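Working notes for the structure below.
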Amino acid sequence: MMQETNQSFVAEFILLGFSFNPSTTPLLFSAFLMTYLLIILGNGLITILICLDSHLHTPMYFFIGILSILDVGYTTTTVPQMLAHLASQKKTISFASCVAQMYIFLVLGIMESWLFAIMSIDRYVAICHPLRYKVIMSPWLCGVMVIFCGLWGVISALVYTVFAMRLPYCGSNKINHFFCEVPAVLKLACADTSVNDRVDFILGFTVILVPLSLILVIYVNIFIAILRIRSAQGRLKAFSTCASHITVVTMFCVPAMVMYMKPGSEASLEEDKKLALFYNVISAFLNPIIYSLRNKDIQRAFLKVTGWGRVSWREGQRH
């Protein structure tokens, strides 16, 4: 019995990463490094501006700030290690580090999925009940909703991770992925993973499909309310406040749903890596751009905090 246990124990895994020509490694390393630094810069800047500018101390920007923190944590769980593996020949990760990475990644990802649903509730109250917005979306309620996201993430990620790592891993230790993601790790298990497929589907339903369905129902009601607005300018303003949220939800939730809700037997690891890159790196990179480029409040806060706004005002006064 002891011999079987030792045989099934894997001390470390090898992350194969992306399949590409070795000559392109420096280019890929530079691209991922630049993207990661921009993710840190963009999301970090939004978080700092929201903290420093009192005009941004509203429920909407509170949730955007939480989203930015999650994006930084989410990518930091995977990208630095991917960069280290691109820069060196050693591509191993210990069993314990793999479990930790899997768990932290899932906690932050599940939190983000539910946060998108909460952000849609915030938009619904702002558009459909504007006079009662501050009363309904109180700081206490906002805090409770974020705590709910955190608890749901911690519990669901624990179930995912325990069910994945309880299996014996006794054959190949090469993970065909750039980090320890559940579907890729399960491919190495020396046991039937049908139970895991069912657990993953049920959890995928509660952490992706339920919030996505909630967002869909809420936005149907929002659009009905917007169409009742008489002025064209009012309708356009209401639509524009929703457009950025719909964009980031689509970029994050749809690839994650495809990844986690399909049976393991149907998984294509090369396709899975591209999907994971999309909701792990690209969405975190685009979120600050989507929320700041067309957002006058963020732009004003940036000018105010940096002092550039005062310089522009003085120059205007001189002319």
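The values are calculated or read from the model by the stated rules, or taken from the named source; none is laboratory data. Source: prediction; values computed, not measured. Quick reminder, even Gly has a Cβ in these numbers, built from the backbone with ideal geometry, and neighbours come from all protein chains shown. These area figures cover heavy atoms from the full protein model, side chains too; ligands, DNA and RNA do not enter into them. Shrake-Rupley method; radii C 1.70, N 1.55, O 1.52, S 1.80 Å.
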So, over other residues within a Cβ distance under 14 Å of Thr92, counting Lys, Arg +1 and Asp, Glu -1, the net charge is +2
Mind checking which lysines have their C-alpha under 27 Å from Lys296, skipping anything on the same chain fewer than 8 residues away? Lys134, Lys237, Lys304
Of (i) 124; (ii) 149; (iii) 164, which one was derived for volume of the Cα convex hull per residue in Å³ from the structure shown? (iii)
Every cysteine in the chain with no other Cys Cβ under 4.7 Å from its Cβ, please list them in numeric order. Cys51, Cys128, Cys142, Cys149, Cys242, Cys253
If the cut-off is a Cα-Cα distance under 27 Å, which lysines reach Lys90, setting aside same-chain residues fewer than 8 apart in sequence? Lys174, Lys187, Lys273, Lys274
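R0 = 41 Å: FRET efficiency of Ile147 with Ala84, Cβ-based, nearest 0.05?
It comes out at approximately 0.75.
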Taking the Cβ of His55 as the center, what net charge do the other residues with Cβ under 13 Å away carry, scoring Lys and Arg +1 and Asp and Glu -1? +1
Using a 1.4 angstrom probe on the protein heavy atoms only, could you order Trp140, Trp152, Trp114 from most to least accessible area? Trp140, Trp152, Trp114
Counting only other residues whose beta carbon sits under 10 Å from that of Glu181, what net charge do I get with K and R as +1, D and E as -1? 0
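If we sort 155-163, 130-138 on the protection proxy, mean other Cβ atoms within 10 Å, highest first, what's the order?
Top of the packing list down: 155-163, 130-138.
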Shape verdict for segment 72-180, please, from the Cα gyration tensor: rounded (a/c under 1.5), prolate (a/b greater than b/c) or oblate. prolate
